């Protein structure tokens, strides 16, 4: 806060000793110390109040920015919803016009093709073998050779 060196404090002390006197100097020094402490606490509280107000202002500013961004996003969504709503209403009007024109023309419905019914297939039980199937005949012929069956080890 103040830039006072040791020599300057010594000069102030000597002048205070001469002016105040040796018997009242300790009481005045004690009072000056208390006042200096109060001054420091007051300055400290003012600094903290100012910094707190600065933080609150910053928070308010951020809150306002956030609110503006939310409002702009909401307006964008509302505009897009309006565009989609207009598009859907237009399409609904087009569909209604087409339906009205079809009703007014009284087009005869297309006849459905007549489907001939096919006979239902009978299902066979799974555990019964197919009676129409040919009996199983193996188709692979295995040849065997009659020769020397001794093995030689190397």
How compact is the stretch 6-101 by the rule of thumb for globular proteins, expressed as Cα Rg over 2.2 N^0.38 Å?
2.98
Quick check: residue separation of residue 16 and residue 55 times 0.36 nm, minus the Cα distance between them. What number comes out in nm?
9.7 nm
Could you give the nm distance between label points at residue 47 and residue 85, where each point is 7 Å from its Cα heading toward the beta carbon?
5.8
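Read-outs: derived from the displayed coordinates by stated rules, not from any lab. Since we're looking at a predicted model, the values are computed, not measured. Reconstructed Cβ throughout: ideal geometry from the backbone, glycine too, with neighbour counts over all protein chains shown.
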